[in-house]
Amino acid sequence: MFAVTILGNNSALPTPERHPTAQIITLNEQLVLVDCGEGTQVQLARYKIRRSRIRHILISHLHGDHYFGLIGLLNTLSMLGRTEPLFLYAPPELEAIIALQLQCAASVLNYPLTFKPLLGENAGLLFQEKDYEVSFFPTRHRIACYGFSFNMRRRKRKLIPEQARAYEIPASFYSQLQEGADYLRKDGTLVHNDWVTLPPEPGKRYVYCADTIYNEEMIPHIQGADMVYHETTYLQDQTQKAADRFHSTSVEAATIAKAANAKKLLIGHFSSKYTELQPFLDECRPVFPNTDLAEEGVSYII
Ligand SMILES: [Zn+2]
């Protein structure tokens, strides 16, 4: 399972209908939380997402609409008795902010919280798990800000059923074939794995571009992604305002997705002045047809 669930798609101001940025990435059994705007805990509860399965939290930058929900969530996990380690990645100042909040409350978390700072203009691998790896890259925003790329590996080889039958391999052995095992027949002949399987299919990739001005330097990080999330704070008639505030417009996001040959574009981080979101789609789709709104509570399979 590889999917992104949107918990918040608004910029800056929370409204009763739309929340500040937060997304849950499901990577088989593990969850990664990307940004943690105010209200994220409530959204996790609303959409019945199990907090205990979150292993990594990535914070793109330190504007409040991307992390003001974090201390509450960290505290709740502790009150719920979590003992599993939690890994937090963010610009370095966040470590001191959390430490001060805990210190003033005379609180100690029940579980080990490991903080890893995102520094400067660096890009590269952030961490690896059994089924996936995550890398990061800088975006261009008013303060230091980072995007994240999730690469889901496929471990299982692809079975060629007619070949497996031809060698009289029992179906009960098929799952071991997919794991790469050879098969020893009763007559003593060995069926090599690559006679009956093909290499695993290529993995899939989701790229989260956080907050950014229109920035073609990000294109190599997005190149060929199965799905890319790009902010569209404003519609196209606000291009100058978007640039002044280091944000992007609908058409700019679509242009980046197209230039990077992405397969699908998700748009979000809408300014709270917009009550109707359809115009964002109407502006993106002529440039990049496979565009969808990042709608709260919806899971998009990657
Ligand atoms: Zn921002």
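Tabulated data for the structure shown
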item: The range 158-198: relative contact order as a whole-number percent, Cα under 8 Å and 6+ apart; result: 50
item: Contour excess over end-to-end distance, with Cα ends at TYR111 and ARG53 and 0.36 nm allotted per residue; result: 19.5 nm
item: Spacing of the two label points (7 Å from each Cα toward its C-beta) at PHE127 and LYS156, in nm; result: 2.7
item: Lys/Arg +1, Asp/Glu -1 at C-beta; the chain dipole; positive extreme among GLY180, ILE219, CYS209; result: GLY180
item: Net charge, LEU125 excluded, C-beta distance under 13 Å - Lys, Arg +1, Asp, Glu -1; result: -1
item: Calculated [θ] (222 nm, deg cm²/dmol) that DSSP helices of n ≥ 4 give over the chain, each run adding -39,500 (n - 2.57); result: -6000 deg cm²/dmol
item: Relative contact order (%) - the chain, alpha-carbon pairs under 8 angstrom, separation at least six; result: 16
item: Over the chain: Kirkwood hydrodynamic radius from C-alpha pairwise inverse distances, Å; result: 20.8
item: Cα centroid separation - the range 72-132 against the range 14-53, whole Å; result: 16
item: ASP35, ASP237, ASP226, ranked by accessible area, largest first (probe 1.4 Å); result: ASP237, ASP226, ASP35
item: Prolate/oblate/rounded label for the range 54-139 (Cα gyration tensor, a/c 1.5); result: oblate
item: Pairs of lysines in the chain (C-alpha under 15 Å apart; 8 or more residues apart or interchain); result: 6
item: Length gained when the stretch ILE219-GLN163 is fully extended (0.36 nm per residue, less Cα-Cα span); result: 16.0 nm
item: With every protein chain in place, the chain: carbon and sulfur % of accessible area (1.4 Å); result: 53
item: Additional length obtainable on full extension of the chain from ASN75 to ASN261, 0.36 nm per residue less Cα span; result: 62.9 nm
item: Amide proton proximity set for LEU126, modelled H, under 5 Å, gap of 5+; result: VAL134, SER135, PHE136
item: For the chain, size of Cβ-based charge dipole, Lys and Arg +1, Asp and Glu -1, in debye; result: 760
item: Area of ARG53 that stays accessible when all protein chains are in place (1.4 Å probe, Å², to 10); result: 80
item: Estimated distance in nm for a label pair at GLN30 and ASP182, the labels positioned 7 Å out from Cα along Cα-to-Cβ; result: 3.3
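The values are calculated or read from the model by the stated rules, or taken from the named source; none is laboratory data. Computed from a prediction, not measured in an experiment: that's the story for all the values here. Glycine also receives a Cβ, built like all others from the backbone with ideal geometry; neighbour counts cover every protein chain displayed. Surface accessibility is based on the protein's heavy atoms, side chains included, excluding ligands, DNA and RNA. Shrake-Rupley method; radii C 1.70, N 1.55, O 1.52, S 1.80 Å.
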